[in-house]
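Have a look at the structure below, then the notes.
The values are calculated or read from the model by the stated rules, or taken from the named source; none is laboratory data. These figures come from a predicted structure and were not determined experimentally. Every residue, glycine as well, gets a Cβ built from its backbone with ideal geometry; the counts of neighbours run over all protein chains shown. Side chains are part of the model used for accessible areas, which takes the heavy atoms of the whole protein and leaves out ligands, DNA and RNA. Shrake-Rupley method; radii C 1.70, N 1.55, O 1.52, S 1.80 Å.
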Amino acid sequence: MASSLSVLVLLYLAAAASAQLSPTFYSTSCPRALATIQAAVRAAVAQERRMGASLLRLHFHDCFVQASPSHKSHYNFDYGCDASVLLNDTATFTGEQTAFPNVGSIRGFTVIDNIKAQVEAVCPQTVSCADILAVAARDSVVALGGPSWTVPLGRRDSTTASLSQANSDLPAPSLDLANLTAAFAKKGLSRTDLVALSGAHTIGQSQCTNFRARIYNETNINAAFATLRKANCPAASGNGDGNLAPLDTTTATTFDNAYYTNLLVQSGLLHSDQVLFNGGATDGLVRTYATTPSRFNSDFAAAMVRMGNISPLTGTQGQIRRACSRVN
């Protein structure tokens, strides 16, 4: 019995070790990986500043789609930060790109494909697409003037994806504070993480269909701001649904804390933005981030690391895809 117990302890320790991500994961196997990713991201953002927001969103939409804990033992099931969002549909599964929160809006795949090709040229089948997404998200924020952080590495890539989980797990722009808090708690993220990560909306744009109900029907909205947004978002559904508006009217392509100062004057674009400052439990944190950008930067960086740790595939799980859009 003692011998069996020792074996079990060793197996547990081995499993725990394999599940640990490390910032130095590629130091020996691909020392040029991080510099290669950074240079490619900088080039992409220099060409189109909006791409920084798109790459950050890809990482978020990848990490938030995962199997329930009861299914974790299934080697081929969808996990968290596993690059499943990058997979094209196949004969055996419908992927996440046509899920309601993604269809017609998720972008940046060509940039990721380009980064992957460059990394493959340096270190064939060594660096996962999931890690590329995590690093590209960080480098995008930095390229737009935001904080940096150390990215733990060692994720592996999923061999499947889930349309249904993308539809159920990605927070909708219509959610209220209680449901947003619950959606983040389901992923092991706190209310502070929710408010900090929502600050990613200091960059990027959103489609009219996502904010039409807010600008026409809600009362906790700045009148001049609503009028401005109505000019490019007709009231009738089906008209101008894909028209874009900046999530942060003040500095749409700079990563700063203006998102929170906008909330203070009821100029959040999405319902799910303004509920963070609407007489609820997160009002105080919004005020803090609006007045103390250094606190926002540090909390955002810490929250990004926690989000990047949502159920990664590690060790011998999954695979290192040669191309991010398909399994090997």
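Below are the figures for this structure:
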item: Residue selected from region 288-328 under the condition of a type in the set (V, I, T) and either in contact (Cβ under 8 Å) with a residue 40 or more places away in the chain or in contact with a Ser or Thr (Cβ under 6 Å, 6 or more places away or on another chain) (or both), by the criterion most open to solvent (accessible area, probe 1.4 Å); result: T316
item: Matching residues, region 244-262, being closer than 18 Å to L56 by Cα, among the hydroxyl-bearing types (S, T, Y) and under 20 Å from the mean Cα position of the chain (by Cα); result: T253, T254, Y259
item: Region 23-69 - residue that is in a loop (DSSP other than H, G, I, E, B) and in contact with a Phe, Trp or Tyr (Cβ under 6 Å, 6 or more places away or on another chain) and, of those, surrounded by the fewest Cβ atoms within 10 Å (Cβ to Cβ); result: A67
item: All positions within region 162-178 that are in contact (Cβ under 8 Å) with a residue 12 or more places away in the chain and within 16 Å of the chain's Cα centre (by Cα); result: Q165, A166, N167, D169, L170, P171, A172, P173
item: Residue list for region 108-133, restricted to those being open to solvent by 10 Å² or more (accessible area, probe 1.4 Å) and either of a type in the set (D, E, K, R) or in contact with a Pro (Cβ under 6 Å, 6 or more places away or on another chain) (or both); result: D113, E120
item: Lone unmet requirement of (1) within 22 Å of R50 (Cα to Cα); (2) modelled with pLDDT of 95 or more; (3) touching a helix residue (DSSP H, G or I) at 6+ places or on another chain (Cβ under 6 Å) for D131; result: (3)
item: Output for region 179-201, where each listed residue is in contact (Cβ under 8 Å) with a residue 12 or more places away in the chain and in a loop (DSSP other than H, G, I, E, B); result: K186, K187, G188, L189
item: Residue match in region 202-216 (condition: modelled with pLDDT of 95 or more, closer than 30 Å to T36 by Cβ and assigned to a helix (DSSP H, G or I)); result: yes
item: Residue satisfying condition, being surrounded by 18 or more Cβ atoms within 10 Å (Cβ to Cβ), among the aliphatic types (A, V, I, L, M) and part of a loop (DSSP other than H, G, I, E, B), within set L263, L269, L285, L276; result: L269
item: Exclusive hit being in a loop (DSSP other than H, G, I, E, B), surrounded by 20 or more Cβ atoms within 10 Å (Cβ to Cβ) and among the hydrophobic types (A, V, I, L, M, F, W, C), set A166, A136, A161; result: A161
item: Matching entry among N243, N220 (being surrounded by 11 or more Cβ atoms within 10 Å (Cβ to Cβ), assigned by the TED database to the domain that holds G279 and more than 21 Å from E48 (Cβ to Cβ)); result: N220
